[in-house]
Amino acid sequence: MPELPEITAIADYVGAKAVGTQVRRVDVAALSVLKTYAPGPHDLVGATVTGTRRIGKYFVLDARKGDEDLALVVHLSRAGWLRWSDKLSPTPLRPGGKSPIALRVHVGPEGEGFDLTEAGTQKRLAVWIVHDPSEIEMVATLGPDALEITRDEFGAILAGSKAQLKTLLRDQRTIAGIGNAYSDEILHTAKLSPFAAARSLDEAQVDALYAAMRSELEDAVQRSVGQHVATLKAEKRSGMKVHARTGSPCPVCGDVVREVSFADRSFQYCATCQTGGKVLADRRMSKLLK
């Protein structure tokens, strides 16, 4: 799933290409991605792109048509992606086809634009067309941004939460922008267990977690911004120390990176660095051993 660094880079890349151009056409191949109907895709046609930005893990393309402000808001979810092209095909998309393309936005006079795609069978890609992103409940209820929250605000959130650290970092209503991958990296850097209770941390551990969150996200943003959208996934993978590296040696201590699996997700950690050598229970393996 694209997280704060990748969405930041996508917004930067698309903004450099699209700001100042006009939306010429919007093709919808999968009606299920549209979560609003008024305004609709046709209302974007003729609008001038005024900016692009990130809100949490949402990509926003801002536009203006006459006196009306419009925003195309995209949540790429687990398997969605944005694919930029300097020369889109002029052939209209076929609704209900087998192509992974769900929505196409044509901008500029030379055929430029982007596709929103989604792989797999679980269709969670979501698109809203609104006057203001705050009209979307999931956007309006986001917590403070992970790169904007202060140390004191962060500490107060931890002290008042009963959640485990892994759950808290991924909860967009608590802190916006972090997903499964970067929460693994942040906890590894901070040398904290994913299962540790947020409110159990002492001040030194809160400092370490806050510093790790800032450094991991800032470093990833620095690596990602300026790259072509097509290379961002590989860049994200290459920068991971523990996430998705089950069985590999930890780059800090050399211990094996371990995994805990759930029904629809998993996370990775280093027992030596994060849990004092304790191996966390993997519910999937526990079931197999019964």
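The values are calculated or read from the model by the stated rules, or taken from the named source; none is laboratory data. Keep in mind that this is a model prediction, so the values were computed, not measured. Counting neighbours? That spans all protein chains shown, and the Cβs are built from the backbone with ideal geometry, glycine included. Just the protein is used for accessible areas: all its heavy atoms, side chains included, with ligands, DNA and RNA removed. Shrake-Rupley method; radii C 1.70, N 1.55, O 1.52, S 1.80 Å.
Structure summary
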quantity	calculated
Inter-residue pairs, beta-carbon under 8 Å, first without any contact (Cβ under 8 Å) to a residue 24 or more places away in the chain and in region 48-74, second open to solvent by less than 20 Å² (accessible area, probe 1.4 Å), 6+ apart	62/49; 62/51; 62/70; 62/71; 64/47; 64/70; 65/44; 65/47
Matching option when the condition is open to solvent by 10 Å² or more (accessible area, probe 1.4 Å) and touching a Leu at 6+ places or on another chain (Cβ under 8 Å), among 101, 175	101
Residue match in region 59-74 (condition: outside any strand (DSSP E or B) and open to solvent by less than 60 Å² (accessible area, probe 1.4 Å))	no
Region 184-198 residues that are over 10 Å from residue 241 (Cα atoms), paired with ones that are in a loop (DSSP other than H, G, I, E, B) (beta carbon under 6 Å, 6 or more apart)	187/194; 193/275; 198/161; 198/163
Meets criteria (small (Gly, Ala, Ser) and without any contact (Cβ under 8 Å) to a residue 24 or more places away in the chain) for residue 156	yes
Residue 135 under 25 Å from residue 23 (Cβ atoms) and not polar (S, T, N, Q)	yes
Near pairs, Cβ below 7 angstrom, 6+ apart or cross-chain, from region 209-220 (open to solvent by 10 Å² or more (accessible area, probe 1.4 Å)) to any residue that is assigned to a helix (DSSP H, G or I)	210/151; 210/154; 215/189; 216/182; 216/185; 216/186; 216/189
The lone exception for residue 202 - which of (1) under 30 Å from residue 80 (Cα atoms); (2) without any contact (Cβ under 8 Å) to a residue 24 or more places away in the chain it fails	(1)
Residues located in region 2-26, provided they are among the hydrophobic types (A, V, I, L, M, F, W, C) and closer than 13 Å to residue 217 by Cβ	4, 7, 9
Condition check for residue 170: at negative phi, open to solvent by 60 Å² or more (accessible area, probe 1.4 Å) and in contact with a helix residue (DSSP H, G or I) (Cβ under 6 Å, 6 or more places away or on another chain)	yes
